[in-house]
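Take a look at the structure below.
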Amino acid sequence: MLTQDERNRIRAEAAHYDHPQAACVEALKIVQEHHRWVSDEHLKEIAALLDMSPEALDSVATFYNLIFRKPVGENVILLCDSVSCWIMGYEGIRAHLKEHLGVELGETTSDGKFTLLPMACLGTCDRGPAMMVGNELYRNLDNDKVDEILARYRHPSGA
Amino acid sequence: MAYPYVHEREVRMISRNFGDPAARTLDGYRERGGYRGLERAFEIGPAAVIDEVKASGLRGRGGAGFPTGLKWSFMPKAGVKPHYLLCNADESEPGTFKDRELIRWDPHQLIEGCLIAAYAMGSRHAYIYLRGEFFEASQVMARAVEEAYERGFAGRRILGSENDIEVTVHVGAGAYICGEETGLMNSLEGRRGEPRVKPPFPAAVGVYSMPTTINNVETLAAVPHIVEHGGEWYRQWGTDKSPGTKLFCVSGHVEKPGNYELPLGFPMMELIEDVCGGVAEGRSLKSVIPGGSSVPLMDVEDCRECTLCYEGVEAAGSMLGCASVIVMDDRTNIVREVRRMVQFYAHESCGQCTPCREGTPWMTQVLRRIEAGRGTESDLDTLLDMSAQMTGTTICVLSDSAAAPVVSSIEKFRDEYLALIHGGERVEVA
Ligand SMILES: Cc1cc2nc3c(=O)[nH]c(=O)nc-3n(C[C@H](O)[C@H](O)[C@H](O)COP(=O)(O)O)c2cc1C
Ligand code: SF4
C-alpha cells in the first residue's frame, strides 16, 4: 500500500498538469524514493490515482532507464558507459567495480547494498570516467577514488 | 567552486557567470545585468522580438542548427488555442556537457530566455524538460523558478505587465530518445518517449496537439543577450552563416578538457592546441568527432583547415552538431570506440522502426566480431550496406546517427579495420 504521504505528493504533482497522466513518471519516482523500485501492486495504485490503466503505466515505466520494475540495492550505481568515458578509461573502472563488488553489470551485491548498472552518457565528459551513486555524481574516477566512495556508502556514519 | 579552465580567447556571454555561485540567485543575476532583455522585450513587443532574433542569425544549438527566429515565426498567431514553449534540457548526446553547466551556474538566464521566447510566440506556458540524471541541476532550476514566481518574474502579470507566463520544470527518467523533439513531447505528456511521425510539425501540432516550439537550453540562453543588445550586435562574433558565440564541449585526450565559449568560426586546431593544451606530451592527434557521437569522425587532415562553424565543419566532411568535440589520440582503438557508439544507439533505439531496431544491434555484433579479430573484409561491405539502409528511412534521425560514425570510420580509418581483420594486433573484447 502507498502511504498517505505518497498519495498526497502524487496528487499534488498531478495538479500541476492539465492531464494527470503527465505526472506519471514523477509519481513512479516518488514511490521509488521510499521503496527503491516499483512493484506490481504499487504500479496499480499509481495508475488508479492518475486515471491510467496499469498496462499503460507499465509501458511508460519500462521505457525509462531510471524506473526500476525489479528490486534494486540500497544504492544504485550508474556507471557512464559512453564514448568519452571509454576513451578516458571506463573499462578499467568497470573491471574494478565488478571485482570490488563481486557482481556483473545489472546485478545487486549479496548484502543488498549496491546495484551496478551501466548508464548512457551522464553529460560530464570533460571529467570522465564518471558514475552516479544515488543522486550524487562522481567524476575523474580512478580505482582508489572508487574504493573511497564505496566505503562512504558502506559506512554512512563515516565510522 | 571556480570554473575549471578559462581561456583569454573566450568571449564569455552565456557562460559569463560560470564559476560564480552568487549569480544563481535572482538578486545576483539582476546585479549582473540580468532580466534587462525581458524588460526590453516587453517594451518592443512580440513581433519586434522575433525580428531581433531573426536579425541575429541565431541558429539552434540542439544539434540541427535551424535558424531560431524563423522557427519562431512558424507559430500561428496567438489566439484561442494555447501555445507551448518547450526548453529541451535533456542533454544526452554523448560528448555533450554544456546545458547542465548553463543550468547550474545561471538558471535565471535560462528562465529569462524562456520568458522572452514564450512572450514572443504568445505562449502562456513554458516547460523546461530536464533529464532525470541531472539531480543537482534540477534542484538549482526548481529553486530559481520558485524565486522567479515569488518575485513576480513568472506567473501572473510579470513585472507588473499584462503578460502571464507559467514556467514548469519537468524531470525525465533516463532515455536518450526523449531529447528528440517529438519524443520529448510524448514524454512530457506522460507517454513513452517515442518520436512522432512528421509532418505535422510541432508548430502546428505539438504538446497536447497544440502549437509548440521547442528550443535547446543554449539557444534560449543566448536570447536575453540578443534582445537586450540587438541582433546586429550579436553578429559582431561568428561568421555570416553562423553568427555569435557557441559553447564548445571538449573531452577526451586533451590536457584541459572543458567548456569554452568561443566565436563561431574558431579554427579547430587552435581550439585543441592553444585553448585546450593539445594532446598529452609524446602523443599525437588521431581523430576528432566535432559534434557529439552522432556526426562523422574526422582525421587529422580534415581537422587542419577546419573552422568551427556550421558551414566550416560541413566543408570538412562532418557536422558541428552541438559542438561536442571529442578528441582521440594515437592510443585510441577506433573500431572499439565506434562499436561503443553504435552500441549506445542500439540500447537507446525506441524500436518503432525496423532499420533502427534491427540495424543497430546487428552492426554492434559485426563490429564486435571485427574487434575480436574474427572479421572479414566483406563485413565492411555489410556495415556500409546496413548504414545505407538505416539512413533516411526512419521516423527520427537516431538511426542515421548510428550509421554516421560507422561509415566515416570505414572511410577514414579503413587500415585499422583491415589490421584487425588480417590478424596483426588482437584486442581483448569484453
Ligand atoms: C535522437 C535525438 C536526440 C536529441 N537529443 C537532444 C538533446 O538532448 N537536447 C537538445 O537540445 N536537442 C536534442 N535533439 C534535437 C531536437 O530534436 C531539436 O532539434 C532541438 O531541441 C531543437 O532546438 P534548437 O532549434 O534550439 O536547436 C535530439 C535529436 C535527436 C534526433
Ligand atoms: S529511428 Fe530509431 S529511435 Fe528514431 S523513432 Fe525510429 S526506432 Fe525510434
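Among the residues of region B:161-185 satisfying the criterion of being within 11 Å of ligand 2 (Cβ to nearest atom) and either among the β-branched types (Val, Ile, Thr) or open to solvent by less than 20 Å² (accessible area, probe 1.4 Å) (or both), which is nearest to B:Ile44 (Cα to Cα)? The extreme case among them is B:Thr182.
Exactly one residue out of B:Thr219, B:Thr239 is β-branched (Val, Ile, Thr) and either in the same structural domain as B:Leu85 (by TED's automatic domain parsing) or open to solvent by less than 10 Å² (accessible area, probe 1.4 Å) (or both), and it is B:Thr219.
Close Cβ contacts (under 6 Å, 6 or more residues apart or on different chains) running from residues in region A:95-122 that are under 13 Å from A:Ile77 (Cβ atoms) to residues that are of a type in the set (D, E, K, R) and open to solvent by 20 Å² or more (accessible area, probe 1.4 Å) comprise A:Lys113/A:Glu74; A:Pro118/A:Asp81. If we keep just the residues of region B:176-185 that are under 22 Å from A:Ile30 (Cα atoms) and touching a Ser or Thr at 6+ places or on another chain (Cβ under 7 Å), which is nearest to ligand 1 (Cβ to nearest atom)? Result: B:Tyr176. For the condition away from ligand 1 (no atom under 16 Å from the Cβ), closer than 18 Å to B:Glu416 by Cα and surrounded by 24 or more Cβ atoms within 10 Å (Cβ to Cβ), B:Val342 does not qualify.
Answer yes or no as to whether B:Tyr84 is assigned by TED's automatic domain parsing to the domain that holds B:Leu188, of a type in the set (Ser, Thr, Tyr) and away from ligand 1 (no atom under 16 Å from the Cβ). Answer is no for this residue. Scanning region B:28-63 for residues that are more than 16 Å from ligand 1 (Cβ to nearest atom) and among the hydroxyl-bearing types (Ser, Thr, Tyr) yields B:Tyr29, B:Tyr35. Of the residues making up region A:45-68, just one is more than 12 Å from chain B (Cβ to nearest Cβ) and either open to solvent by less than 10 Å² (accessible area, probe 1.4 Å) or assigned to a loop (DSSP other than H, G, I, E, B) (or both), namely A:Ser53.
When B:Leu380, B:Leu420 are screened for being more than 12 Å from ligand 2 (Cβ to nearest atom), buried (at least 22 other Cβ atoms within 10 Å of the Cβ) and within 27 Å of B:Asp302 (Cβ to Cβ), only B:Leu420 passes. For A:Ile93, state whether it is within 13 Å of another protein chain (Cβ to nearest Cβ), surrounded by 16 or more Cβ atoms within 10 Å (Cβ to Cβ) and either among the aromatic types (Phe, Trp, Tyr) or in a helix (DSSP H, G or I) (or both). Considered against the rule, which asks whether it is within 13 Å of another protein chain (Cβ to nearest Cβ), surrounded by 16 or more Cβ atoms within 10 Å (Cβ to Cβ) and either among the aromatic types (Phe, Trp, Tyr) or in a helix (DSSP H, G or I) (or both), A:Ile93 comes out as yes.
No other residue among B:Ala126, B:Ala148 is more than 16 Å from ligand 2 (Cβ to nearest atom), under 22 Å from B:Ile226 (Cα atoms), touching a strand residue (DSSP E or B) at 6+ places or on another chain (Cβ under 6 Å) and open to solvent by less than 10 Å² (accessible area, probe 1.4 Å) apart from B:Ala126. Could you say whether any residue in region B:357-375 is closer than 17 Å to B:Ser92 by Cα, touching a residue at least 40 places away in the same chain (Cβ under 8 Å), within 13 Å of another protein chain (Cβ to nearest Cβ) and part of a helix (DSSP H, G or I)? No, the conditions are met nowhere in region B:357-375.
Hey, any hits in region A:69-86 for a residue that's aromatic (Phe, Trp, Tyr) and either more than 10 Å from chain B (Cβ to nearest Cβ) or in a loop (DSSP other than H, G, I, E, B) (or both)? No, there is no match, as no residue in region A:69-86 is aromatic (Phe, Trp, Tyr) and either more than 10 Å from chain B (Cβ to nearest Cβ) or in a loop (DSSP other than H, G, I, E, B) (or both).
Here B:Pro94 meets each of (1) within 14 Å of chain A (Cβ to nearest Cβ); (2) more than 16 Å from ligand 2 (Cβ to nearest atom) with one exception, condition (2). Within region B:56-64, not a single residue is within 14 Å of chain A (Cβ to nearest Cβ), closer than 22 Å to B:Phe201 by Cα and surrounded by fewer than 22 Cβ atoms within 10 Å (Cβ to Cβ).
Taken over region A:26-37, the criterion of being touching a helix residue (DSSP H, G or I) at 6+ places or on another chain (Cβ under 7 Å) and either over 19 Å from A:Val72 (Cβ atoms) or within 11 Å of chain B (Cβ to nearest Cβ) (or both) is satisfied by A:Glu26, A:Ala27, A:Leu28.
The values are calculated or read from the model by the stated rules, or taken from the named source; none is laboratory data. None of the values given here were measured: they were computed from a predicted structure. For neighbour counting, all protein chains shown are included, and Cβ atoms are generated from backbone atoms with ideal geometry for every residue, glycine included. Remember, those area values only see protein heavy atoms, side chains included, never the ligands or the DNA or RNA. Shrake-Rupley method; radii C 1.70, N 1.55, O 1.52, S 1.80 Å.
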